[in-house]
Amino acid sequence: MKTVTTNAVSKVAAIATGLAMAASMLSLAPVANAALSQSNIDAIVALLTSFNVDSATIANVKATLNGQPTTTTTTTTGSPACTFSQSLTVGATGSAVTCLQQALIGAGFSIPAGATGYYGSQTVAAVAAWQKAKNIAPAVGYFGPISRAAFTSEFTGSGSTTTTTTGGTTYTGTGTGLKVSLAPTCASGSTVNCSPSGTVLVQGQGVGLLGAFVFANPTASPINVTSLTFNRIGVSNDTTMSNVYLYNNGTRITDSAGVSSSAFTFSDPTALFTVPAGQTYTVAVRSDIADSSSGQQIGVSLVDAHGSTALDSSVHLPISGGLQTISAANLASVVFNGTTLPAQNSSLTPQADYTVWQNTVSVSTNPVNLASLRLTNLGSIDATNVQNLRLYVDGTMVGSAVPQLGADRTVTFDLSASPVLLSTADHIIKVIANITGGSNRTLQLSVQRSSDAMFVDSQLNQPVTLHTTNSTGNFSAASSDAQTIAAVSANSGVSVSRAAASPTSDVSVGATGVKLASFNMLASGEPVKVSDLYVYAATTTAPSSTWGTSAYLANGKIMVNGVQVGSTKTLGNTNATATDFSLGSSLILPAGTVTVVDIYADTKTTGGVNVRNGDSITVSLAAETSNAQGQSSLISTGVPYGTTSAADVSGNAVPVTSSALTATKYSGYGDQTMLAGTQNARLGSFTLSAGSTEGINVNTIAMSLHTSADVTNLMLKDDATGAQIGSTITTPQDTANNFSVNFTIPASGTKTIDVYGNILSTAAANDSVYATLTTSTTGTGAVTSTSASLSGTQQLQTITVGSGLLTVAVGAGNPANSNVIAGASSVQVSDYNFTSQNSAYTVQKLEIQVPSNAATSTTGVTIQYPDVNGATQTVSGAYSITTAATSTAVFSGLSFYVPQNSSADLKVFVGTPTISNGASSGAAINTTLLTQASEGFQAIDSTGTATTSIGTAEISGYTAGYGTMYVRQSVPTFAGQSVTTTAMPNAGTDLFRFTVSADPAGAVELDQLSFIVSTSTGAVAITNFSLYDAANTSTAVGTAVTADLNGIVKIPVTSSVIQIGAGQTKTFYLRAANYTGTWIGHNSVTVQFASADGTVAANAATGGTLNSGNNYVWSDRSAPSHTTSTKDWTNGYLLKDLTTGVYSFSN
């Protein structure tokens, strides 16, 4: 019987200061007489949870504080209790495997699944690692005679064994025999391994706690307790205790006993339970409580005990527990479904994560806590073949996994330390496990009786009696249908198929040790030992005498999961001549797990003759009838099974090819036009490729060169690194330009190579230069050393000798027109884009021009451009002020680089002085690039030839809406608010709200603002608009006006202009005084800023055409003695944010 427990008590002591109180509590185990209240215990558990203590530790803390026994684990050092009566390999199971796994894990060799008792791939890897460390050959994971002897020698006297004692605590008392005492009184809410006193039971409940007793062993040897006798005490009847059991924690350790004349006895000549030396073991007496027993009092008294050691002289019987009162109450209902899964399966293939038991349990009345679940196997399968059992509730694993079914054919999931709360609903409870074998045996798990599952009413804190939907009375067993494990038969049991990964790619002529086929083998029901495999390899061309004395492929071998099994042999070429590989015990196919078998051989015969280029090889496993045997049933079968060659299983046809070398023109580089005199010119680019069978050691690259007289210093460079390959041919010829090289291209790999040279300055215009790779480009196979060469020529890119061209245009980065604040240090004005053809260019000198009246409003001009390395260069200059219409800044000694057949940008920036230092408000700054020789332009191409002009015209850096900056002392910024409402406006309603902010550089003044007022109906006329400062809404600051025919409301400031201080903001409201008509039906009104004025107005005084012809009139107050008459007023051109904010009224 296996019990799920975890020892983690000692971990608590490691928690820092905040857990000191909880840690100290652990030293009190067991806590006598319920020293702590339930609220104290809950507080300690909450503290542990806040520190992320693991659930196992918390469970043991709760058990300790409730006066219940916990779990202890002790490790001792000594000789391993391992007996190896036979060798172990894949598929082996049992205690010998478990012991081997424990020893390996203890020695530091990883088996992630733990000591499961199954010899799988993880154990193979661990054994192989141990063998390698101990110089045991071959280190392949097979635990044979050599390994067994080495293991015994190494581990005797130094092995590590672990013994786990469940349900007890260390006992430090003295004595000469078995001691018994009443268990500590149960704390409030606790019902596990404690002695109840004065608790209330419920009539009709299941396994109510009547008493608990602690058995202590002060001796140095385990004590087997074989018989216990109890008396019923209290005012009650024998029939009140319908079924009586003994429990340890949540695990039932006995079947039910009957009560006669108040007495009941549990006995087992072997042992009811064992008390380890120096340990304690707590036993609880539980009983189903009969219906109609309300009002009775009941308890138990231990009157007799026998075991392998007599009771200590200090023990005085009887030992009586407290009395419990039985009451009437509505207990929770727990009903198992009448159908338990899985359904019958007559041929179950061993597999992992198989659902071995599942039932839908219905909970009603009150929620319940699932404290334990015990299942019994009614089938015949060996317990070692049911491993890694896990309990799931509604899809979530609860408790810990049980390594395997118990020797008593049961498994118990003890959740009493941390019960699982089940709400009043249906819940799917299932157990999944790994089925590892058991051919022809059956598995049928069952909850046999109500006491096998403890569900505790969460409100009444008492276990309930279970029921079943298909039973009118009490609980009936919830059993799955029988699962029969599949077994090997004379003609089935092992499937053999070509693996999906079986090779299909080309292999080299004359290659050695090549994988030619892969097969999947799957045994069903039981491990199967394959003693022999018969293998042959057929080629598409029939053998002939020219192949030598033998036509069989050399060095055939079988690899299983990457490890060779059997000897290396030649491979026959037909079913009749198939080679017999005798495998002994080295190939045991585990049940339910695919084993991959690979076949390797050379692509040449034992006579040293290569399989021909263009042939293919197909490896087959010949069908047999008795080359394998089931390890449980001992039935012989064939792997693969068959009586004729038609049942043979073949791999894919694997093509055999000679080493391949190919060349293609590199698609990433096209035909070019280059200048005569270009140095280090890239004349072509090509890619060499190796075939899939093997890599190529390239030793020669050969090419012809058309118009070779135009080229000197021909060389090769690695496209990826730029490193030169081979030597330079200073004077190339039309043919036979051979480069001696030494590099390797891996199988299916590529290498791109560039051809460089100098084009002579004497090369004629329109001459064509191109290289052609020839068949003299050669190499050898990286594995087989067979020769490889290009099968044909490959012409590369054509280079035409021509002329270069440099052009310029306004760039995409040209900035939009804008107002700029006088005193700004770096304002981008222009962006010029230079484009080259057929050559790279370096611009060395250029001139930038501005209108003379704008030059006085700049502190200088700066240009930015990239150099040959892509780094940004910045050069500053100053305008030469003239009396002409323009002024010019000259830049020389530049390194502005424009790559061949690409483009680069030249950006122009200006600084502006303040108004007090000479800038003019309203000055328009823009630039022109001078592109003619007479204007000082100069660039050189890649050959060093100078170019002194670009086109025939100067390039203006300003276009409609772009490239002009207007100098202002300050500027206003507008921001409208947005409101949507269904309430239609009337007199006094704010039709629009907005703010105006002045730049921190200076104050601004407003003389006229405009708005668009749109209405959907003519039923209501809105007139007499006014503008109000939010600081004083009693007096309008703008004249009352009426919208014009376009719906634009222009509001001139009436008495005096509106001034907004530097860096300040003012808020304004637009209202209308008159609403003529009635809002009838659906109506809408929207109000927003009128658009900014479309063209700039020259600075002027207010009034006249400035106001009548524009939507906005404002001033930056830049004129000395500023008034409304000074010429520092302008319109709303380029004002910011006039597109924000809309007031919308709609009913």
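In region 1096-1117, the residues that are basic (Lys, Arg) form Cβ pairs under 6 Å with partners that are assigned to a loop (DSSP other than H, G, I, E, B), at six or more places apart or across chains, as follows: 1117/1003. Inspect all residues belonging to region 966-979 and state whether any of them is under 57 Å from the mean Cα position of the chain (by Cα), exposed (fewer than 13 other Cβ atoms within 10 Å of the Cβ), modelled with pLDDT of 90 or more and in the same structural domain as residue 1114 (by TED's automatic domain parsing). The answer is yes, given that some residue of region 966-979 is under 57 Å from the mean Cα position of the chain (by Cα), exposed (fewer than 13 other Cβ atoms within 10 Å of the Cβ), modelled with pLDDT of 90 or more and in the same structural domain as residue 1114 (by TED's automatic domain parsing).
Residues in region 671-697 that are within 42 Å of the chain's Cα centre (by Cα) and of a type outside the set (S, T, N, Q) were compared, and the one that is farthest from residue 943 (Cα to Cα) is 694. Would you confirm whether or not region 526-536 contains a residue that is touching a residue at least 12 places away in the same chain (Cβ under 8 Å), in a strand (DSSP E or B), charged (D, E, K, R) and closer than 30 Å to residue 443 by Cβ? Looking through region 526-536, at least one residue is touching a residue at least 12 places away in the same chain (Cβ under 8 Å), in a strand (DSSP E or B), charged (D, E, K, R) and closer than 30 Å to residue 443 by Cβ.
Might you let me know whether region 834-857 holds any residue that is farther than 17 Å from residue 937 by Cα, touching a residue at least 24 places away in the same chain (Cβ under 8 Å) and in contact with a helix residue (DSSP H, G or I) (Cβ under 6 Å, 6 or more places away or on another chain)? The answer is no, given that none of the residues of region 834-857 is farther than 17 Å from residue 937 by Cα, touching a residue at least 24 places away in the same chain (Cβ under 8 Å) and in contact with a helix residue (DSSP H, G or I) (Cβ under 6 Å, 6 or more places away or on another chain). Among the residues of region 544-552, none qualifies, meaning not one is buried (at least 21 other Cβ atoms within 10 Å of the Cβ) and at pLDDT 90 or above.
Of all residues assigned to region 1031-1040, at least one qualifies as being more than 17 Å from residue 1072 (Cβ to Cβ), touching a residue at least 12 places away in the same chain (Cβ under 8 Å) and surrounded by fewer than 20 Cβ atoms within 10 Å (Cβ to Cβ). Looking only at residues in region 1075-1130 that are assigned to a strand (DSSP E or B) and hydroxyl-bearing (Ser, Thr, Tyr), the one that is farthest from residue 988 (Cα to Cα) is 1130.
Residues in region 852-874 that are aliphatic (A, V, I, L, M) and surrounded by 16 or more Cβ atoms within 10 Å (Cβ to Cβ) were compared, and the one that is farthest from residue 824 (Cα to Cα) is 863. Within region 943-960, the set of residues being touching a Phe, Trp or Tyr at 6+ places or on another chain (Cβ under 9 Å), at pLDDT 90 or above and not in a strand (DSSP E or B) comprises just one member, 957. The requirement of being crowded, with 24+ Cβ neighbours inside 10 Å and outside the structural domain of residue 361 (by TED's automatic domain parsing) is satisfied by residue 517.
Are there any pairs with C-beta distances below 7 angstrom linking a residue in region 987-1010 that is farther than 17 Å from residue 1087 by Cα and not assigned by TED's automatic domain parsing to the domain that holds residue 977 to a residue that is part of a loop (DSSP other than H, G, I, E, B) and among the β-branched types (Val, Ile, Thr), with the two at least 6 apart or on different chains, and if so which? Listed by first residue and then by second, the contacts come to nothing, as the list is empty.
Checked against the criterion of being more than 22 Å from residue 842 (Cβ to Cβ), at pLDDT 90 or above, assigned by TED's automatic domain parsing to the domain that holds residue 819 and aliphatic (A, V, I, L, M), the candidates 940, 925 yield just one match: 925. Please determine whether any residue of region 821-836 is under 49 Å from the mean Cα position of the chain (by Cα) and in a loop (DSSP other than H, G, I, E, B). For region 821-836, residues under 49 Å from the mean Cα position of the chain (by Cα) and in a loop (DSSP other than H, G, I, E, B): present. Within region 252-292, the set of residues being under 23 Å from residue 371 (Cβ atoms) and of a type in the set (Gly, Ala, Ser) comprises 256, 257, 284, 287, 290. Please count how many residues of region 698-726 are among the aliphatic types (A, V, I, L, M) and within 45 Å of the chain's Cα centre (by Cα). Number of matching residues: 5.
Elements of the type strands (runs of 3 or more DSSP E) sitting completely within region 310-423 and holding at least 3 residues that are within 34 Å of the chain's Cα centre (by Cα) and crowded, with 17+ Cβ neighbours inside 10 Å: these cover 354-364, 386-393, 396-404. Only one entry in 875, 890 is outside any loop (DSSP other than H, G, I, E, B), in contact with a strand residue (DSSP E or B) (Cβ under 8 Å, 6 or more places away or on another chain) and either without any contact (Cβ under 8 Å) to a residue 24 or more places away in the chain or not assigned by TED's automatic domain parsing to the domain that holds residue 933 (or both), namely 875.
Quick grid of which residues meet (1) buried (at least 19 other Cβ atoms within 10 Å of the Cβ); (2) more than 17 Å from residue 729 (Cα to Cα):
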residue	(1), (2)
748	no, yes
759	yes, no
764	no, yes
774	yes, no
784	yes, yes
787	no, yes
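Across region 789-827, what is the total count of residues that are of a type in the set (S, T, N, Q), under 30 Å from residue 951 (Cα atoms) and surrounded by 18 or more Cβ atoms within 10 Å (Cβ to Cβ)? Of the residues in region 789-827, 2 are of a type in the set (S, T, N, Q), under 30 Å from residue 951 (Cα atoms) and surrounded by 18 or more Cβ atoms within 10 Å (Cβ to Cβ).
For (1) of a type in the set (Lys, Arg); (2) within 20 Å of residue 803 (Cα to Cα); (3) outside the structural domain of residue 515 (by TED's automatic domain parsing), each residue gets a yes or a no:
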position: 652; (1), (2), (3): no, no, no
position: 673; (1), (2), (3): no, yes, yes
position: 681; (1), (2), (3): no, yes, yes
position: 722; (1), (2), (3): no, no, yes
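Candidates in region 483-508 are the residues that are under 38 Å from the mean Cα position of the chain (by Cα) and part of a loop (DSSP other than H, G, I, E, B); of these, the one that is farthest from residue 528 (Cα to Cα) is 506.
The values are calculated or read from the model by the stated rules, or taken from the named source; none is laboratory data. Just so we're clear, the structure is a prediction, and the values are computed from it rather than from any experiment. Ideal geometry is used to build each Cβ from the backbone, glycine not excepted, and the neighbour counts take in all protein chains shown.
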